[in-house]
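Enquirer: Structure provided below as structure tokens; questions to follow.
The values are calculated or read from the model by the stated rules, or taken from the named source; none is laboratory data. A quick note: this is a predicted structure, and the numbers were derived from the prediction, not measured. Positions of Cβ are backbone-derived with ideal geometry, glycine not excepted, and every protein chain shown enters the neighbour counts.
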């Protein structure tokens, strides 16, 4: 299982390995979902809400993203597809910091 900071700043997967943006993790890793959203880090904020399974925060991020981007996203699955967020964290055994 990935730690929250690794999941939030994951940029992709290679087999059972998560590839993590180490600079972003170091700079923003301790922020809450709302704090990430306030900084305009929509993908990280949404990933944080997904990790915590917080539907209220997911909706908050979707609403803010729609307003900023002029989009019409309605469901969390649409946002997951847009940002490439996957719920495969249980299958991950290693992390590589990039």
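Enquirer: Residue check: is residue 54 surrounded by 13 or more Cβ atoms within 10 Å (Cβ to Cβ) and in contact with a helix residue (DSSP H, G or I) (Cβ under 9 Å, 6 or more places away or on another chain)?
Expert: When the stated conditions are applied, residue 54 passes them.
Enquirer: Further question: Give the range 76-93 a look and list any residue that's touching a residue at least 12 places away in the same chain (Cβ under 8 Å) and loosely packed, with under 11 Cβ neighbours inside 10 Å, or say none.
Expert: Hit for the range 76-93 is 90, nothing else.
Enquirer: Looking at the range 1-44, which of its residues are at positive phi and modelled with pLDDT of 90 or more?
Expert: Across the range 1-44, the qualifying residue is only 40.
Enquirer: In the range 35-51, which residues are over 15 Å from residue 6 (Cβ atoms) and surrounded by 18 or more Cβ atoms within 10 Å (Cβ to Cβ)?
Expert: Of everything in the range 35-51, those that are over 15 Å from residue 6 (Cβ atoms) and surrounded by 18 or more Cβ atoms within 10 Å (Cβ to Cβ) turn out to be 37, 41, 42, 45, 46, 49.
Enquirer: A further question on this structure: Consider residue 64 carefully, then state whether it is modelled with pLDDT of 95 or more, out of contact with any strand residue (DSSP E or B) (no Cβ under 8 Å at 6 or more places or on another chain), surrounded by 16 or more Cβ atoms within 10 Å (Cβ to Cβ) and closer than 19 Å to residue 18 by Cβ.
Expert: In short, no.
Enquirer: Every residue in the range 19-34 that is out of contact with any strand residue (DSSP E or B) (no Cβ under 8 Å at 6 or more places or on another chain) and surrounded by 12 or more Cβ atoms within 10 Å (Cβ to Cβ), please.
Expert: Answer for the range 19-34, where residues must be out of contact with any strand residue (DSSP E or B) (no Cβ under 8 Å at 6 or more places or on another chain) and surrounded by 12 or more Cβ atoms within 10 Å (Cβ to Cβ): 24, 26, 27, 28, 29, 31, 32, 33, 34.
Enquirer: A follow-up question, please. Let me confirm something: among 16, 6, which residue is closer than 19 Å to residue 97 by Cβ, surrounded by fewer than 12 Cβ atoms within 10 Å (Cβ to Cβ), in contact with a helix residue (DSSP H, G or I) (Cβ under 8 Å, 6 or more places away or on another chain) and touching a residue at least 12 places away in the same chain (Cβ under 8 Å)?
Expert: 16 is the lone residue from the list that is closer than 19 Å to residue 97 by Cβ, surrounded by fewer than 12 Cβ atoms within 10 Å (Cβ to Cβ), in contact with a helix residue (DSSP H, G or I) (Cβ under 8 Å, 6 or more places away or on another chain) and touching a residue at least 12 places away in the same chain (Cβ under 8 Å).
Enquirer: While we're looking at this one, here's another question. Please verify whether the range 20-29 includes one or more residues that are in a loop (DSSP other than H, G, I, E, B), under 26 Å from residue 98 (Cβ atoms) and touching a residue at least 40 places away in the same chain (Cβ under 8 Å).
Expert: Yes; the residues of the range 20-29 include at least one that is in a loop (DSSP other than H, G, I, E, B), under 26 Å from residue 98 (Cβ atoms) and touching a residue at least 40 places away in the same chain (Cβ under 8 Å).
Enquirer: Farther than 19 Å from residue 97 by Cα, outside any loop (DSSP other than H, G, I, E, B) and either without any contact (Cβ under 8 Å) to a residue 24 or more places away in the chain or under 12 Å from the mean Cα position of the chain (by Cα) (or both), is that true of residue 67?
Expert: Yes, satisfied.
Enquirer: Within the range 32-53, work out how many residues are under 12 Å from the mean Cα position of the chain (by Cα) and not in a helix (DSSP H, G or I).
Expert: Total meeting the criteria: 3.
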